[in-house]
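Take a look at the structure below.
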Amino acid sequence: MKPVTCNRYRDARLKQGVKLGTITLELSVLRAALKWCEENGRLLTMPKMSIPPKQEGKDRWLTIGEAARLLAAARAERKSRLHLPLFIQLGLYTGARSEAILTLKWLQVDLDRGHIDFNPPGRVRTKKGRANIPIPKKLRWFLAKAQARASSPYVLAYHGEPIKQIIRGFRSACRRAGLDGVTPHT
């Protein structure tokens, strides 16, 4: 595989709307697979590859005012006013990633002892293990309200069903709040 092949692949993926970070990851995975093949005698020589440099991480933080505007916008949407503000508060107060918040069950939330264990029972702990954290005082009140009206084992649910993704409602709230460059991970 020549560098020109990698560059053509990169250009074709960019035209498809794929971000450079994703392309870098794809080529890195391919390189790792080829290296494994070489080390295990399935490939005679490792081809040279041209991989784009890693992108710098995003450096975007919400100010207190922006967080307040985002929460107000989330509460204004009738369809998501019960789960989207709680999702945002869980993210702001705990720093947990979207998947950890969306898969959080009430049995992982101990309001009496004041702890949330984002690592569900039976899930193997990895190097990126999910945290077991104390519940901040302000968040505890919102969680207690949500638990009192809960109709699902999941903390974030809509009509009793777990919420699979939050991005559409989140983007809509960001638009209403006038926020640019904000994602659920911000």
Please work out the FRET efficiency for the pair Arg140 and Ala72, using the Cβ-Cβ distance as r and a Förster radius of 35 Å; give the result to the nearest 0.05.
0.95
Give me the angle, in degrees from 0 to 90, between the Cα long axis of helix 137-148 and the longest principal axis of the Cα atoms of the chain, rounded to the nearest 10.
80
Treating only Lys and Arg (+1) and Asp and Glu (-1) as charged, each at its beta carbon, one finds that the chain has a dipole about its Cα centre, in Debye to the nearest 20, of 300
What is the distance in Å between the Cα centroid of the stretch 67-91 and that of the stretch 1-63?
37
For the stretch 160-168, what does the Karplus curve 6.51 cos²θ - 1.76 cosθ + 1.60, with θ = phi - 60°, yield as ³J(HN,Hα) per residue in whole Hz, taken in order and with x for Gly and Pro?
x, 9, x, 7, 7, 8, 10, 4, 5
Of the listed peptides 173-184, 100-111, what is their order by residue-averaged count of other C-beta atoms within 10 Å, with the highest listed first?
100-111, 173-184
D (Stokes-Einstein, µm²/s), Kirkwood Cα radius, the chain, 0.890 mPa s at 25 °C
126
For an R0 of 25 angstrom, estimate the FRET efficiency from the Cβ-Cβ distance between Lys54 and Ala131 and round to the nearest 0.05.
0.45
The stretch 124-179: spread of alpha-carbon positions along the three principal axes, whole Å, largest first, is 36, 32, 26
Highest-first arrangement of 75-81, 89-95, 50-56, where packing means the average Cβ count within 10 Å:
89-95, 75-81, 50-56
Step through the residues of the stretch 35-46 one at a time and calculate ³J(HN,Hα) from phi using the Karplus curve (6.51 cos²θ - 1.76 cosθ + 1.60, θ = phi - 60°), rounding each to whole Hz and writing x for Gly and Pro.
5, 4, 4, 5, 5, 9, x, 9, 9, 6, 9, 6
So what is Rg over Rh here for the stretch 89-186, counting just Cα atoms and using Kirkwood for Rh?
0.96
Need the full-extension length gain, Lys2 to Asp117, defined as separation in residues times 0.36 nm minus the C-alpha distance. One decimal, nm.
36.6 nm
Which angle from 0 to 90°, rounded to the nearest 10, does the C-alpha axis of helix 84-94 make with the longest principal axis of the chain?
70
Links exceeding 21 Å between C-alpha atoms in this model, out of Lys15/Lys48; Lys79/Lys137; Lys19/Lys54; Lys105/Lys164, come to Lys15/Lys48; Lys79/Lys137
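Values in this text are rule-based calculations from the coordinates and carry no lab data. Source: prediction; values computed, not measured. Here Cβ is always computed from backbone atoms with ideal geometry, including for glycine, and neighbour counts include all displayed protein chains.
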